[in-house]
1. State, as an integer percentage, the relative contact order of the chain based on alpha-carbon contacts under 8 Å between residues 6 or more apart.
2. Could you tell me which residue out of 7, 69, 57 lies farthest along the dipole of the chain toward its positive end? Charges go on the beta carbon: Lys and Arg +1, Asp and Glu -1, centred on the Cα centre.
3. Hey, with R₀ at 22 Å, roughly what FRET efficiency would residue 62 and residue 27 work out to, going by the Cβ-Cβ distance, to 0.05?
4. Using the Karplus equation 6.51 cos²θ - 1.76 cosθ + 1.60 (θ = phi - 60°), what ³J(HN,Hα) coupling, rounded to whole Hz, does each residue of region 62-79 give in order, writing x for Gly and Pro?
5. So which chymotrypsin sites (Phe, Trp or Tyr not before Pro) in region 1-72 end up in coil per DSSP with only 16 or fewer other C-beta atoms within 10 Å?
6. For the chain, what value does the Rg/Rh ratio take when both radii are computed over Cα atoms and Rh is the Kirkwood radius, given to two decimals?
7. Within region 1-71, report the trypsin sites (Lys or Arg not before Pro) that DSSP leaves as loop and that have at most 14 other Cβ atoms within 10 Å.
8. Each residue of region 14-31 in order: what ³J(HN,Hα) in whole Hz does its phi give by Karplus 6.51 cos²θ - 1.76 cosθ + 1.60, θ = phi - 60°, with x for Gly and Pro?
Amino acid sequence: MVEDKAVKMPNTFVRGLYTAMAVAGIVLYIVWMIAASIVNGKVMIFDLGLYSVCIILILMGLTGRFLYSEKIKKEKSST
């Protein structure tokens with residue numbers, strides 16, 4: 001049988017991953033818009049494909065961070 005051993009990851013590491021995901025979405029959007037503006041010679045504010053990728057990254061990061069903080073609060077209140 002497989003032993004049930006769980007390695008608990010540090011809370012700051014997990015929160016940092018969720019924050020990095022949200023920040024990566026914002027940075028990707030800004031850098032891509034600057035690069036597209038330089039190549040095309042005009043300012044492009046909205047690109048549907050890029051927007052769909054970035055909004056998913058940002059929302060997953062923010063949602064994950066919120067839900068993880070709720071989990072931490074629940075664990076602290078139960079102990």
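1. Details: 44 pairs, mean separation 32.2, N = 79.
The normalised contact order for the chain reaches 41 percent.
2. So the residue we want is 69.
3. On the way: r = 15 Å, r/R0 = 0.67.
Working from the Cβ atoms, E equals 0.90.
4. Listing the rounded values in order: 5, 5, x, 5, 5, 5, 5, 5, 5, 5, 5, 4, 5, 5, 5, 6, 7, 8 Hz.
5. Details: sites: 13, 18, 29, 32, 46, 51, 66, 68; in loops: 46.
Listed in order of number, the matching sites are 46.
6. Details: Rg = 18.4 Å, Rh = 15.0 Å.
In the chain, Rg relative to Rh is 1.22.
7. On the way: sites: 5, 8, 15, 42, 65, 71; in loops: 5, 8, 42.
In loop regions of region 1-71 (DSSP not H, G, I, E or B), the sparsely surrounded trypsin sites (Lys or Arg not before Pro) are 5, 8, 42.
8. 5, 4, x, 5, 5, 5, 4, 5, 5, 5, 4, x, 5, 5, 4, 4, 5, 5
Just so you know, all these numbers are worked out from the coordinates, no wet-lab data involved. A quick note: this is a predicted structure, and the numbers were derived from the prediction, not measured. Quick reminder, even Gly has a Cβ in these numbers, built from the backbone with ideal geometry, and neighbours come from all protein chains shown.
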